[in-house]
Amino acid sequence: MEGLVSSRVIPIQVSSRRHYSAFLPTFSLHLRKSLNKGQVWMMKHPKSLDSIAASIQPLEASTSGHFDNKQPSKEVLGLWRTADAVCFDVDSTVCVDEGIDELAEFCGAGKAVAEWTARAMGGSVPFEEALSARLSLVKPTLSQVQDYLEKRPPRISPGIEELVKKLKSRNADVYLISGGFRQMINPVASILGIPQENIFANQLLFGNSGEFLGFDANEPTSRSGGKANAVQQIRKVKGYKALVMIGDGATDLEACKPGGADLFICYAGVQLREPVAAKANWLVFNFTDLINALE
């Protein structure tokens, strides 16, 4: 989304139950590169994780009733059913949380970071500005991130596992495209059976002693327009005929630029960002609608 957007964000109440996954990878560290004459470490996977499947209460009719795109047009439905690639946002879409907000809360900087996240997702500030500002407030160490991943397993949105399985059964490729961090997204991808090469996300950088050094600015999703660039890159390399983007924020809506996504589906099951929802080709509040539409 270009320019400034005045965003009304409506959170949806979430309750959760624990759900165990038996095929998560083991924790490992590997050396990526040298930065400022020090070694930079990037954490790939947690030692052990379980996922939490969240149960989300639907919005009241008075909150969501004024949108006219809650029912797909024939053209939109046709694109959805013939998609050979589907790209998902992660935070507040595949997962019910905003990962950086949760990490910030865990590290004691939750409120200030959440305010920046709301501004970034509503499109009111450049994404790279918000990302840098949020990380400067948190400055998580490697040990803090590792501890966070051990104690706060990902909370998966209800229906997403079934939807991904359904898409795969129709030979559609599934991607995760996120402004969040690979350290927190890799376990989610493992739960959903999405290969690492289908993840476009940011990367936290740490020094020899595990101190926070920043993030990898070479990742396309580290800046405004990054998701659109990632989708365009996927499309160019793979040559997909019909590509769909699903997410909740302004950065997801941007993916429908020329050469990018053919269709933007706004998922408002966690956060209803009204300016984004209003411009979506299709507005949904649960993944069951998308599953049923593929039948």
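Read-outs: derived from the displayed coordinates by stated rules, not from any lab. Just so you know, these numbers come straight off a predicted model, no measurement behind them. Note: ideal-geometry Cβ built from the backbone for every residue, glycine included; neighbour counts use all protein chains shown.
Name the residues whose placed amide hydrogens come within less than 5 Å of the amide hydrogen of residue 285, ignoring near sequence neighbours (fewer than 5 apart) on the same chain.
Amide H neighbours of residue 285: 268.
Between beta-carbons, use under 10 Å as the cut-off and find the net charge around residue 148, counting Lys and Arg +1, Asp and Glu -1.
-2
Sort 165-172, 204-211 by the packing proxy (mean of other Cβ within 10 Å over each peptide's residues), most packed first.
Descending mean neighbour count gives 204-211, 165-172.
Evaluate the distance, in nm, between pseudo-label points positioned 7 Å from the Cα of residue 115 and of residue 84 along their respective Cα→Cβ axes.
Here the modelled spin labels are 4.8 nm apart.
How high is the FRET efficiency from residue 77 to residue 238, r the C-beta distance, R0 22 Å, rounded to 0.05?
0.40
Apply 1/(1 + (r/R0)^6) to the Cβ-Cβ distance of residue 66 and residue 293, taking R0 = 25 Å, and write down the FRET efficiency to the nearest 0.05. Write down the numbers at each step before the final one.
Numbers: r = 22 Å, r/R0 = 0.89.
Calculated value: 0.65.
For residue 206, what residues show an amide H to amide H distance below 5 Å, using hydrogens built from the backbone and excluding near sequence neighbours?
Those lying under 5 Å, H to H, from residue 206 are 41, 213.
Along the Cα-to-C-beta direction of residue 170, a point sits 7 Å from the Cα; which residues of the stretch 71-92 have their amide N less than 16 Å from that point?
Answer for this model: 72-88.
Given the stretch 59-200, what whole percent of its Cα pairs are spread farther than 26 Å? Don't jump to the answer; show the numbers that get you there.
Details: 3523 of 10011 pairs.
Percent of Cα pairs beyond 26 Å in the stretch 59-200: 35.
Sort 104-115, 277-288 by the packing proxy (mean of other Cβ within 10 Å over each peptide's residues), most packed first. Walk me through the numbers before you get to the answer.
Numbers: 104-115: 16.8, 277-288: 19.7.
For the peptides 104-115, 277-288, the packing ranking is 277-288, 104-115.
Pull out a ≥ b ≥ c, the square roots of the eigenvalues of the alpha-carbon gyration tensor of the stretch 204-287, then state rounded if a/c is under 1.5, prolate if not and a/b is larger than b/c, and oblate in the remaining case.
Verdict is oblate for the stretch 204-287.
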